[in-house]
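Participant: Got a structure for you, questions after.
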Amino acid sequence: MRTTRLLIRSGPILAFAAALPICLAGPSTAASGISAGTNGSTVSVTTSACTQINGNWGSASLLTGDQRNFAEGRQTPLSGTTAGQSAAWSNVAAGTYTVVVVCSNGTSAGSQSVVVSAPKVPQTGKAPAAPAVPAAPAVPPPAVPQRGVLGGLGGTVRDYGPLTLGAGAALVGSGVIATAWYLRRRTRPHGL
C-alpha cells in the first residue's frame, strides 16, 4: 500500500525525468559544422569537420536560390590542415546563397545561408564635394568570432551529436530524479 502511494505521488516526476532526455536530445542539426561569411563579393567557408583522404579534404559548393543539390552549385575543393579547412568564391553577384560542404568521405559537414550585398554605387547629380582631407591610416575592424557561443541547445561551436546530448540529458534527468527523491525523503516525518 505504501509503495503504491509512493509510486502514484512520484509518477509525474518520473514521467518528466523519462521524457527529459528525449526533449533535450532533439534534432542533431542543432549547429552546423561550417562557418560561412561574405566580404564584398567574396564568399568564404571554414570547417574543421573533414579529414583528409588520399590528399583530399572534400569540396564546398555555392548554390543559388534555384539550385537544390551539391552538384548544381559552383564547386571548389577544400584546402587547409587538420585544424581547419576552407574554400572561397570571388566575384559573386548580389543575392542569397547556400554554402554546402561535403567531406572527402562523403559525409556532409553542414550547410549555411549567406547574403551577398550589392556594391555601393556612388550617387551622381550632387554638388561637388569639399576638398579631401588626407585620411588617417585604415584601421582594421576588431576580429569578430565567426560562430562564437550559439544560443539555444548546447551553446558551443562544435556539434557533439545526439549520443553526447543524450548522455548529458540522462545526467540532468538523473539529477532531477535524485533531487526529487532527496526532497521527498526530507519532507517525511521520521516516524513513518
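Participant: With 92, 121 as the choices, which residue is open to solvent by less than 50 Å² (accessible area, probe 1.4 Å) and either modelled with pLDDT under 85 or assigned to a loop (DSSP other than H, G, I, E, B) (or both)? Spell out the reasoning first.
Facilitator: Details: 121 fails: open to solvent by less than 50 Å² (accessible area, probe 1.4 Å).
So the residue among 92, 121 that is open to solvent by less than 50 Å² (accessible area, probe 1.4 Å) and either modelled with pLDDT under 85 or assigned to a loop (DSSP other than H, G, I, E, B) (or both) is 92.
Participant: Only one of 40, 58, 65 is over 16 Å from the mean Cα position of the chain (by Cα), at pLDDT 90 or above and small (Gly, Ala, Ser); which? Steps first, answer last, please.
Facilitator: Working: 40 fails: at pLDDT 90 or above; 65 fails: at pLDDT 90 or above.
That would be 58, the only listed residue that is over 16 Å from the mean Cα position of the chain (by Cα), at pLDDT 90 or above and small (Gly, Ala, Ser).
The values are calculated or read from the model by the stated rules, or taken from the named source; none is laboratory data. For clarity, every value in this text was computed on a predicted model and none was experimentally measured. Heavy atoms of the whole protein, side chains included, go into the accessibility calculation; ligands, DNA and RNA do not. Shrake-Rupley method; radii C 1.70, N 1.55, O 1.52, S 1.80 Å.
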